[in-house]
Amino acid sequence: MIRKLLLIGVVALLAAFWTRQAFVAEPTDAAQASAFQQTQPVGTSGSSGAKPGSFDAEITRNAQQMIDEGRKTFRFDTFGDEAFWGGQLRLHQAIAGEKFGGVGAGLSPAKALELGLKVDSEMVPAQVASGIKAGTVDLNDPANTLALLKVDAVIGVKAFMEPNGNIRSIGIQCALCHSTVDDSFAPGIGRRLDGWPNRDLNVGAIVALAPNLKPFSDLLGVDTATVTKVLTGWGPGRYDAELDKDGKAFGPNGRNASTVLPPAFGLAGMNLHTYAGWGSVPYWNAYVATTQMHGKGTFFDPRLKDANKFPVAAKHGFDNIRNTPDLITPKLAALHFYQLSIPAPKPPAGSFDEAAASRGEKVFMGAAKCSTCHVPPLFSGPGWPMHSAKEIGIDDFQSARSPDQMYRTTPLRGLFTREKGGFYHDGRFKTLDQVVEHYQKVLAVTLNDEQKRDLVQYLKSL
């Protein structure tokens, strides 16, 4: 009896096996092929994409919604920071000028462009655009700055207007520092380039225009003259995001402690966002939106309780900031998703020697040892890409201001967008040739002149 049952079981298994083989075999006609393709998992060669109503379709829908919401946040959200920039600093009054209910001469479009502010040409009304081209719009009249602000054409700046056309407050947005334009209309005026660092933007000089700098002087425990000196000392394309934590306005040899603005593109696959680590992309978004933009949100980092390392932050409770309502935290996920979706831009055609770059890739991967840390295709370090100042052959001033006291391996794609202002966190190397020379000494490698030229061309091609 037992043998009979075993025999029946074996026959059943064999039948199931052959039935399955027949099912997965290649179909013999079009009708069978169609049925066969419909049974394949999404993502296989037989798939035509996510089916409506499926979870895959929900993922696609969610991804697009996240990008749309994140883009809107990145470009247009002030997170309520107008309470600081307008309500406390009264920066809008300096922009408007006395003639329009403010103070002083006001900020003309010409001066705004000189300070590195950018104008989105697609937001400029056609009549105004025609007037600018024809020279009939006076770019020295602050009234025209207000007109551009009213239609949200000034990238990264939001004006809150009175019914009579005067400006009552002003806020800033992520795009202020991390977007520029393609200059397709005129220098400083063109289509948006989200994620590109605005290395023309003189943040400090713009903030120094504010009639009331007392919030900064009270925070740092210095007079307003010192605040003005620090702000105007940064220069174009630079900012100090740690000043309000450690109070260090100057670094080695008395140079200002600001760093060059980093890109917000090419971040997919990257663990850390800033030159000295600190945290992930959403961490830094929360840090900047809450503590730098002065938006109304929640920010928590117990490391800032260290009064020796972060005396200003510890004194003012910046380790645990809570605002009600929270206008930042609900937007961090979509903002993060949008930033990760921004690809690193490709260098313009003709901006590098293609043949030399091809040779330079071999140098990068071999003799120069660049790929040891800048691992393709991320061109950063997968995992924890942090190094001591000694490892990379520079001083530790900036790294010592961060919790981990190290420097991140900076991603290299889109390097051409960072030539203005220099390379490294503080722009100390003005050219890629200088960077290559530096690492020859640090890594103890010897490259001939041709290898160095080819390597630079390869870096320019990334």
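Given the Cα-Cα distance of Asp395 and Asp326 and 0.36 nm per residue of separation, how much length would full extension add, in nm?
Working: separation 69, 0.36 × 69 = 24.84 nm, distance 3.87 nm.
Length difference between fully extended and current span is 21.0 nm.
If packing is taken as the average number of other Cβ atoms within 10 Å across a peptide's residues, how do 299-311, 116-128, 238-250 rank, most packed first? Before the final figure, lay out the partial values.
Details: 299-311: 15.6, 116-128: 17.5, 238-250: 19.9.
Ranked from most to least packed, the peptides come out as 238-250, 116-128, 299-311.
Under DSSP H, which helices of the chain have Cα atoms covering 20 Å or more of the helix axis and a Kyte-Doolittle average no less than -1.0? Walk me through the numbers before you get to the answer.
Values: long enough: 2-24 (33 Å, 1.52); 55-76 (31 Å, -0.95).
Helices meeting the criterion: 2-24, 55-76.
Computed over the Cα atoms of the range 70-237, what is the convex hull's projected area averaged over all directions, in nm²? Let's see the in-between values first.
Details: hull surface 38.1 nm².
Its Cα hull, projected and averaged over all orientations, spans 9.5 nm².
What is the distance, in nm, between label points placed 7 Å from the Cα along the Cα-to-Cβ direction at Val445 and at Val103?
Output for this residue pair reads 5.4 nm.
If you count, for each residue, the other Cβ atoms within 10 Å and average over each peptide, how do 214-224, 362-372 line up from highest to lowest?
Working: 214-224: 14.7, 362-372: 17.2.
Descending mean neighbour count gives 362-372, 214-224.
Give me the one-decimal nm value for the distance between modelled label points at Met365 and Ala110, 7 Å along each residue's Cα-to-Cβ direction.
About 5.4 nm, to one decimal.
Please sort 201-213, 60-72 by packing, taking for each peptide the average over its residues of neighbouring beta carbons within 10 angstrom, highest first. Write down the numbers at each step before the final one.
Working: 201-213: 20.5, 60-72: 14.7.
So the peptides 201-213, 60-72, ranked by packing, come out 201-213, 60-72.
Can you give me the long-range amide H partners of Trp278? Hydrogens built in the peptide plane at 1.01 Å from N, cutoff under 5 Å, separation of 5 or more residues or another chain.
So Trp278 has HN proximity to Asp404.
Report, please, the projected area of the range 354-461 averaged over directions, based on the convex hull of its C-alpha atoms, in nm². Write out the running numbers ahead of the final one.
Values: hull surface 26.6 nm².
Result: 6.7 nm².
Note down the magnitude of the dipole of the chain about its Cα centre, charges +1 on Lys and Arg C-beta and -1 on Asp and Glu C-beta and zero elsewhere, to the nearest 20 debye.
With only Lys, Arg, Asp and Glu charged at Cβ, the dipole is about 680 debye.
Can you compute the helix-only [θ] at 222 nm over the chain? Use -39500 (n - 2.57) per DSSP H run of at least 4 residues, normalise by all residues, nearest 500 deg cm²/dmol.
Details: 21 runs with 186 residues, N = 462.
So the helix-based figure for the chain works out to -11500 deg cm²/dmol.
Contour minus end-to-end for Lys248 and Phe160, with contour as 0.36 nm per residue of separation and end-to-end as the Cα-Cα distance? Walk me through the numbers on the way to the answer.
On the way: separation 88, 0.36 × 88 = 31.68 nm, distance 3.36 nm.
Fully extending the segment from Lys248 to Phe160 adds 28.3 nm.
Every number in this text was worked out from the coordinates using simple rules, so none of it is lab data. The model shown is predicted, which means the values in this text are computed figures rather than measured ones. Glycine also receives a Cβ, built like all others from the backbone with ideal geometry; neighbour counts cover every protein chain displayed.
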